[in-house]
Each structure stands twice: as C-alpha cells, then as structure tokens.
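The values are calculated or read from the model by the stated rules, or taken from the named source; none is laboratory data. Being a predicted model, the structure only gives us computed values, none of them experimental. Cβ placement follows ideal geometry from the backbone for every residue including glycine, while neighbour counts extend to all protein chains displayed. Remember, those area values only see protein heavy atoms, side chains included, never the ligands or the DNA or RNA. Shrake-Rupley method; radii C 1.70, N 1.55, O 1.52, S 1.80 Å.
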Amino acid sequence: MLRSWRNLCVVSLVLGGYCVSFGAGALRAEDAKTTNGIPDQSITTGLPQNGDPAGVRKRLSDHGITYTIIYTNDVLSNLSGGNKRGTIDQGLVEDQLTVDLNKLVGWQGMTLYASSFQIYNTGRIRRDYVGGMNTIAAIEATPTIRLDELWLEQKFLDGAASLRFGQLVADVEFFGSDISNMFLQTDWQTIVAVNLPGGGAAYPLSTPGARLKFDYGKDVSFLLGAFNGDPAGPCAGDPDTCNRYGLNFRMKDPAFVIGETQFHTNQGKDDSGLARTLKIGGWTHLGEFNDQRFANDGTLLANPAGSGIPLQHRGDFGIYGVLEQQLYRPRGGAPDSGITVFGLTSYSPSDRNLVNFQLDGGIIFAGLIPQRQDDRFGASVVYSRFSDSVRAFDQDVINFNGIPGVVRDYEANLELTYVAQVVPGWTLQPDFQYIWHPNGQTGRDAKVVGIRSTLKY
C-alpha cells in the first residue's frame, strides 16, 4: 500500500499536482519558508513554471494554504558486530499542511498545522541489526500511516509570544541542536527516549499538549511545554506499535513538563560576527518510576528471596544544556555557514533511570567547497552512560547467580557524513557510523555504512 502511494506521489509531482495529505513532522512548520506556495530548496524550482503550471499552489498560497512533501530513503548495512550483519531499506514520506487563518478567514495571528507520516522498512538497523539504544537513523519506526501533529497556534503581544495547543511533539522545539539535524543519528535524546514512558512526546509519537513561547527581543526566547506523559499507553512491545496510527489521544496520564531558555547571538543574515546559540533547560515527569536496583521490601531486585517488585519513585526530572558556536563565518555567510561546533549534555537521577548522563558533540563544515556551496560535511558523537543503579543491578545479578555476566557501562556512536546537493531539493548523503558497546555490552562494536536520499517537493 505504501509503495503504491509513493508511486502515485511521483506521478503527481511530475504533473505538478495534488499529492497532499496532512503534514510533516521532522521539518518544522515555522521553518517551511515558501514563495508563491513553493518551499525553498524544492525540486519543483527546477521544473517548468516551478512544477505548478496550473497555478494551484500559488492560488492556495494566496489564501494562506501551503503544503510541503519530503521523501527520505535510507539504505544501511551493518558490516560487523551487533546482533547480526545485513542491509535494510527504510523510507519516510512526511506531508505538511500549514494554513494561515488570517489570510483564509481573517483570524489575526492564528495558524493551523497538520502533519502525517507514511513509514516503511525491511528491518530496523538499530533494533534488529545493531541492538543498541542510541539512534542510528532517526526515521526508524514501525511501518504504518500515522497522524503526527495537529495543532492551532495563536500569536499575541505583536507576535512576540505564541500559544500552541493540540496534538504535539516536544522534540521539534525542545532539547536539541538545530544545526546537528544533518546527521542521521540526531534525534530525541537517548536520555529521555529510554527513560520516559513510551519514549516521550517525540517522533514517531505525538500527544495532546500545549506550548507557550515568548521572544524577548531578537536574542532571547523562553519556551514552556506541557504534554500528556505517555503517548503510547501500556505496551508490551515497541511503544509505536501500541499507538500505531497516532490516534490514541491520551489525556489522563501524568504530565510531562519541559522548559527552555534560548540565547541567540549574530543570527541575522546581515550580521558579520560569529553566530552562537545557548540553550538551558529542564524537564519533569509527574508519574511513578521503578527503582533500578531496589525492591519495595528493601531487598535487592536481583535477590531471588526478595519481592522482585521495584521500589517506586514519585516523579522524574532532567537538566540539560546545548551550545552551538560558529568558529568561522565566510564574508556574507549565513549563521549556519562556515565551521560550527555543537555540544549537548544532560543529567537525570541514577536511581530511577536506565541512562543518567548523556554527552553529544560534533563539528560541521558548510559551504566551504567552491562550486558546491550547498554541500555540508561533519562528524558527530553521542555518548550515553548507563546509570550507577543499573550497573550495580547487573553486578548483583552476577553475584547472586554465581556465573559471569554483563555489566552495562555505556554506548557511544560516531558518525561521519557528507550531504551533497544533486539539484535544489534533492540531496544524497553517504554515511558511516561506528557504535561502541551496543546496549552497554563490550565485544559487540558495530560498523554501519549507507546512503540517504532526500527529496523535497
């Protein structure tokens, strides 16, 4: 069904047509700049009349209605280590619809946004082949057609503030480095993905919530979000299989709340100084969380004579910081051009979390090759440390069983990648990743190679 849908899309693209469902998840709605309804860096800009010979997209845009379609395909191979060797093919069609309700019906400052995913794969490189927990390719998910986001946003205070509410994700605006999005492994951070119920409000799961944002001038922003705390609900398998179509509009789970302050320097197109972004944030979840080592009767969870029922903790939390620093800015270059480094660090309490410390970082070179100004290349590292309680539990199991076992320590991923623009709107991206200690286990280091193709319509 998905492949038939994709074939229909290809025909529609050629005809300049109407392959539109609702929305796009990974591409931010506010980032989807358009001209006459045509997104920037779209493959349609290379077609006669921008691929819109009948002027349909322009007429829709004149009434405040724009849409974007992005097709991403990965072919990835695990060459050694992990669970097994092999190759997978996976793809994601992201569909995005944005409606300016001021243009359409005169509702000043109001925007409607809707998005959906069409996902397919022949296997999951991280789960099935490598067996780790850090992301290897961020589009990995259960094959399905899924509703992503569906929200309304109202701007006020002359556009300095906005309130967004509806079906939302947190990873679009919180807890991440924007410039690192070129990497396949950039995703909702491992420290929340493995610790929160259902992985939290992040791809591929959205959930009811609200987000308040306030811009203090052009350089400082404050964001606060409150979301239903379990987008999947009780689930014995992968969370996205328990909310397969994104239609479980859960409202009664304990809340997940996250706040972030952002400081921006030299982000304007006319600024000549080095660009910098600093983000400082924290989150809390109001639910109950299992202790990773102790049972509710005070014994060790690994003790066969104990209750085996984890001690419960009320609530969980985390703090984090993100820094993006431009090291070299070409004359007249944009804030994301030249050479930029980024880093992210986060901490959560050890007693109730699988991972309690994460450290990410990388370097990106953009627009430095003559005649290839739209190309980028870089290196990125993700380090996730298993908590002290988890490591102590593993040692307890060994002690009680009296046989050798694994004490999980950390998982670290290195990614080297190059994004090459074939034509505006189409990029090819060869990629290499080395994974140390998948799922914290030594002797299973994996090597993954592959290529990503991205088309934007």
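Placing unit charges on the Cβ atoms of the charged side chains and taking the dipole of the stretch 279-396 about its Cα centre, the candidate lying farthest along the positive direction among L344, G367, S384 is G367. Computed extension gain for Q267 through A54, at 0.36 nm per residue and net of the alpha carbon distance, reaches 72.9 nm. A probe of 1.4 angstrom, applied to the heavy atoms of all protein chains, finds D171 with accessible area near 40 square angstrom.
The overall shape of the stretch 44-106, judged from the alpha-carbon gyration tensor, is oblate: a/c is not under 1.5, and a/b is no greater than b/c. What a 1.4 Å probe finds exposed on the chain is 59% carbon and sulfur by accessible area, rounded to a whole percent.
Measuring with a 1.4 angstrom probe and ignoring ligands and nucleic acids, I139 comes out at about 20 Å² accessible. In the frame of its principal axes, the stretch 241-280 has Cα extents of 49, 22, 14 Å, reported largest first.
So if we plug the beta-carbon distance of T122 and V423 into 1/(1 + (r/R0)^6) with R0 = 22 Å, what FRET efficiency do we get, rounded to 0.05? Once rounded, the FRET efficiency stands at 0.20. Computed over protein heavy atoms with a 1.4 Å probe, the accessible surface of the stretch 357-457 works out to 45 Å² per residue. Estimated purely from DSSP H runs of n ≥ 4, each contributing -39500 (n - 2.57), the mean residue ellipticity at 222 nm for the chain is -2500 deg cm²/dmol once divided by its residues. The convex hull around the C-alpha trace of the stretch 86-126, projected and averaged over every direction, spans 3.9 square nanometres. Give the shape of the stretch 141-189 as rounded, prolate or oblate, defined through the alpha-carbon gyration tensor: a ≥ b ≥ c are the square roots of its eigenvalues, a/c under 1.5 means rounded, and otherwise the shape is prolate if a/b is larger than b/c and oblate if not. Because a/c hits 1.5 or more and a/b fails to exceed b/c, the stretch 141-189 counts as oblate. Based on Cα contacts under 8 Å between residues 6+ apart, the stretch 104-252 shows a relative contact order of 22 percent. Taking the charge dipole of the chain about its Cα centre, with +1 at Lys and Arg Cβ atoms and -1 at Asp and Glu Cβ atoms, the residue from L104, F432, N134 reaching farthest to the positive side is L104.
Length gained on full extension, D178 to D375, computed as 0.36 nm times the residue gap minus the Cα-Cα distance: 69.2 nm.
Rounded to the nearest 20, the size of the Cβ-charge dipole of the chain about its Cα centre is 720 debye, with Lys and Arg at +1 and Asp and Glu at -1.
Heavy-atom accessible surface of the stretch 281-334, averaged per residue, reaches 52 Å², computed with a 1.4 Å probe. On a 0 to 90 degree scale, rounded to 10, what angle separates helix 2-14 from the longest Cα axis of the chain? Orientation of helix 2-14: about 20 degrees from the principal axis.
If you roll a 1.4 Å probe over the heavy atoms of the protein chains, what accessible area per residue do you get for the stretch 18-174, in Å²?
40
Counting Cα-Cα pairs of the chain in 10 Å increments starting at 0 gives whole-percent bin shares of 4, 19, 30, 29, 13, 4, 1, 0. Put simply, the convex hull of the Cα atoms in the stretch 246-400 casts, on average, a shadow of 13.7 nm².
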